[in-house]
Amino acid sequence: IARNPGEREFHQAVEEVFESLHLVLEKHPEYMDSSVLERMCEPERQIIFRVPWTADDGTVHINRGFRVQFNSALGPYKGGLRFHPDVLLGTMKFLSFEQVFKNSLTGLPIGGGKGGSDFDPKGRSETEIMRFCQSFMTEAYRHLGDTVDVPAGDIGVGRREIGFLFGQHKRITNRYEAGVITGKGTTWGGSLLRPEATGYGTVYFTEHMLRSRGESVDGRRVIVSGSGNVAIHAIEKVQELGGTVIAASDSAGCVHDPDGIDLELLREVKEHRRARISAYAEARPRARHIDGAVWSLAAEESADIALPCATQNEIDGDAARALAEAGIRAVAEGANMPCTPEAVDVFQEAGVLFAPGKAANAGGVAVSALEMQQNASRDSWTAEYTDERLAETMEHIHTLCASTAEEYGVAGDYVAGANIAGFLRVADAMLAQGVI
Ligand code: NDP
């Protein structure tokens with residue numbers, strides 16, 4: 001904490017992992033002797049840079065760009081870019097630290113990194129966003145490459161932004177290096193199913209948790225937070241599996257739709273019109289817009305499943321208690337670290353099935369790694385084949401987390417299972433590669 005003052009979210013992410021690792025150290029003290037734990041908390045490289053850009057009215061703006069290359073023991077750094085005004089170095093460090101463990105759980109050859117900027121895309125024109133992306137890449141390109149570091153999207157960075165970033169990379173380097181970024185359009189090197197993968201994967205994981213107890217998503221009432229990329233595809237998969245999503249949200253409030261969210265309308269509002277979610281309620285007679293957090297609807301709606309898919313620390317201890325008292329059966333983190341440590345304790349003590357983000361939302365980065373494979377072999381796979389690979393990966397992660405928790409005497413604890421299994425693969429690779 002003294003070395004990284006003020007990086008609250010980073011401290012939170014590290015503490016959460018380290019709480020599980022005492023179980024490993026009791027069995028294997030050699031990890032302590034090799035200082036591998038200290039090395040895993042220190043990013044291999046942190047890049048911070050100026051991003052100047054010109055608004056449509058001619059004013060010049062300066063933002064801060066980041067890329068944290070945390071750990072490359074398993075492969076090139078891999079992780080998304082976030083454009084959001086709250087982004088600080090500590091945000092990037094928490095996200096990239098989590099990414100190291102998440103990528104490890106996928107079993108694929110990818111290290112962990114994350115980046116982004118405190119740029120706020122809201123209210124900006126398309127040409128302003130393009131100029132910002134071009135300026136960001138004008139510095140970032142020298143740190144990227146398909147064997148070095150491969151970014152993707154995250155909050156505020158979707159296919160449009162990936163296109164602008166990729167276009168600038170190509171222009172500067174004069175190389176069509178498709179594998180330098182993932183989440184591309186499918187006609188120019190992107191993988192089918194990449195936009196869907198995080199949300200679908202979160203629901204596949206939820207289904208595995210429930211199935212291993214003889215239950216399923218079918219017939220369940222579900223609350224989802226967010227209405228961005230992850231949330232929309234989580235809603236789609238819940239509906240496909242027979243569940244009903246009765247609420248979704250954005251940063252300005254939430255909508256309650258007792259008939260079940262009309263996905264086509266939600267997409268029209270959020271993806272095409274890029275409007276506030278209140279526009280959804282205006283267009284649906286029985287839906288209403290509420291200013292507060294979406295979780296307050298759990299009791300009224302007897303909800304069974306909560307899928308936080310917006311941002312970090314969106315479920316605190318009080319919200320978790322309200323969800324547990326409402327009888328929620330399962331919570332799966334589609335977002336990164338959306339539940340505070342207190343919230344996770346509340347869920348686990350109440351016997352709520354809880355899936356941590358580094359396991360539950362790993363489907364996105366897994367399909368990004370499949371996009372890299374397709375780019376390397378100049379191939380493009382069908383949606384069906386890619387979905388099969390995604391489903392297999394989520395099943396593998398569920399089994400790995402469950403069996404690791406059991407092996408370490410904490411059966412049913414997916415947090416410990418994910419942290420320990422993620423740690424072991426990275427730590428063993430680091431030890432094999434010497435003191436690096
Ligand atoms: P999007 O930008 O597509 O959507 C984000 C959603 O969350 C929007 O509805 C947004 O509302 C809402 N939101 C963002 N910040 C806040 C906030 N501070 N308070 C309340 N609501 C907020 O991002 P994604 O869907 O891609 O990402 C969502 C989460 O999933 C993030 O935690 C991300 O790190 C994680 N994730 C994403 C992956 C991916 O493949 N995209 C992969 C793995 C994890 P508004 O529209 O009002 O801004």
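Every number here is computed from the coordinates shown, using simple stated rules; none is lab data. Computed from a predicted structure; not experimentally measured. For neighbour counting, all protein chains shown are included, and Cβ atoms are generated from backbone atoms with ideal geometry for every residue, glycine included.
Ignoring everything except DSSP H segments at least 4 long, calculate the 222 nm mean residue ellipticity for the chain; use -39,500 (n - 2.57) per segment, divide by total residues, nearest 500. Please list the in-between numbers first.
Details: 17 runs with 203 residues, N = 436.
Rounded to the nearest 500, it is -14500 deg cm²/dmol.
Peptide packing for 261-270, 301-310 was compared via the average number of neighbouring C-beta atoms within 10 Å per residue; ordered from the highest value, the list is 301-310, 261-270. For the stretch 350-362, backbone phi angles converted through the Karplus equation (6.51, -1.76, 1.60; θ = phi - 60°) give residue-by-residue couplings of 7, x, 6, 5, 10, 10, x, x, 5, 9, 5, 9, 6 Hz, Gly and Pro being listed as x. Amide H to amide H distances under 5 Å link A335 with C309, A310, where only residues 5 or more positions off or on other chains count and H is placed in the peptide plane. Taking the charge dipole of the chain about its Cα centre, with +1 at Lys and Arg Cβ atoms and -1 at Asp and Glu Cβ atoms, the residue from I315, P341, A55 reaching farthest to the positive side is A55.
With the convex hull of the Cα atoms taken as the outline of the chain, the averaged projected area works out to 20.4 nm².
Remark: relative contact order (the chain) = 16 percent; criterion is Cα-Cα distance under 8 angstrom and separation of 6 or more residues.
Compute the relative contact order of the stretch 356-436 as a whole-number percentage, counting only Cα pairs closer than 8 Å that sit 6 or more residues apart in sequence.
Numbers: 50 pairs, mean separation 21.3, N = 81.
Relative CO of the stretch 356-436 lands at 26 percent.
Close amide-amide hydrogen proximity is noted between I110 and no other residue 5 or more places distant or on a separate chain, at a cut-off under 5 Å (H modeled in the peptide plane; Pro and chain starts excluded). What the phi angles of the stretch 155-167 give under the Karplus curve with 6.51, -1.76 and 1.60, with θ = phi - 60°, is a coupling list of 4, x, 10, x, 4, 4, 5, 4, x, 5, 5, 5, x Hz, glycine and proline written as x. Mean sequence separation of contacting Cα pairs (under 8 Å, at least six apart), scaled by the length of the stretch 190-280, corresponds to a relative contact order of 24 percent. Just list whichever of K27/K237; K184/K270; K270/K358 have alpha carbons separated by over 29 Å in the model shown. Cα-Cα > 29 Å for K27/K237; rest within. For the stretch 195-355, the spherically averaged projection of the C-alpha convex hull amounts to 8.1 nm².
By the count of other C-beta atoms within 10 Å, a proxy for reagent exposure, H208, H233, H11 are ordered fewest to most as H11, H208, H233.
The phi torsions of the stretch 373-388, fed into the Karplus equation with coefficients 6.51, -1.76 and 1.60 and a -60° offset, translate into couplings of 4, 5, 5, 5, 9, 6, 10, 9, 8, 6, 4, 5, 5, 5, 5, 4 Hz, rounded to whole numbers, with Gly and Pro shown as x. Projecting the Cα positions of I172, Q46, I305 onto the charge dipole of the chain (unit charges on Cβ atoms of Lys, Arg, Asp and Glu, taken about the Cα centre) puts I172 furthest along the positive direction. Close amide H partners of A152, meaning residues 5 or more places away or on another chain with modelled amide H under 5 Å apart, are G79, G80, L81, T182. Radius of gyration over Kirkwood radius for the stretch 76-176, both on Cα atoms: the Rg/Rh ratio is 0.97.
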